[in-house]
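Written below as structure tokens is the structure these notes are about.
The values are calculated or read from the model by the stated rules, or taken from the named source; none is laboratory data. Because the structure is a prediction, the values reported are computed rather than measured. Every residue, glycine as well, gets a Cβ built from its backbone with ideal geometry; the counts of neighbours run over all protein chains shown. Remember, those area values only see protein heavy atoms, side chains included, never the ligands or the DNA or RNA. Shrake-Rupley method; radii C 1.70, N 1.55, O 1.52, S 1.80 Å.
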Amino acid sequence: MHALSLLLRHQVEPTGGRAVADELARRVGQHGLRAYSPALHSIAHCCDGLLTNPTAMPAGGRVQGGSIADTVVSGEALVVFADAHPRRGHAAAQVWIRDVVAAHAALSPGPRAARAAATARRISRATVATPDARPSLEHQRQLIDLAALILDAAEVERLQALSDCVPVVAIIGDTRATGQTGGRFYRTVMRLPGAWLGTAPTAGRA
């Protein structure tokens with residue numbers, strides 16, 4: 001029983017977070033699972049422990065007895081990023097899909113990998129520096145920019161088409177400049193498992 005208490009929920013039952021991490025794991029492939037294992041666990045834990053957990057709503061939040069995922073309405077998505085660097089954790093934000101689309105359309109031509117890595121490093125460093133800080137507009141903007149840099153045109157179209165559910169843009173990457181997986185990112189655009197869309201009594205924003 002003591003050993004079980006050390007495991008995260010997604011390690012002992014098929015949670016929504018585990019479904020998101022499993023989809024990413026399929027994209028990583030068997031060869032990269034060891035390097036990206038910390039990031040995959042972070043993605044699952046973030047989805048289960050923060051986004052869909054009613055007790056994780058920040059103190060003074062606008063929803064009582066609801067989760068962050070409950071507050072998502074049509075036209076919004078959750079962007080989640082986890083760093084494969086084992087000491088850098090994860091970050092998430094609730095964003096308007098139109099903002100991701102606009103940021104993607106505004107990108108200048110040319111390689112995006114270096115810009116994506118630099119943005120991801122800023123997100124990771126801020127997460128480590130202020131782990132308990134409530135999400136700021138700058139934090140949200142950085143995750144929008146990361147999603148715009150990482151997604152291709154087909155994935156942006158898929159994100160726009162997910163209107164009857166809570167879309168999740170889940171990204172993992174290794175922000176280290178060196179190493180076999182340094183600078184390499186994987187992503188998925190999918191629906192968050194479960195019935196969440198606008199279910200909180202106070203969901204929706206002007």
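Things worth noting here:
- Residue, modelled with the highest pLDDT, within segment 110-132, restricted to residues that are more than 20 Å from Ser42 (Cβ to Cβ) and assigned to a loop (DSSP other than H, G, I, E, B): Arg112
- Answer residue from segment 177-192, given it is in a loop (DSSP other than H, G, I, E, B), open to solvent by 50 Å² or more (accessible area, probe 1.4 Å) and not small (Gly, Ala, Ser) and is modelled with the highest pLDDT among those: Arg184
- The set of residues in segment 133-176 being open to solvent by 20 Å² or more (accessible area, probe 1.4 Å), outside any helix (DSSP H, G or I) and not charged (D, E, K, R) consists of Ala133, Pro135, Ser136, Ser163.
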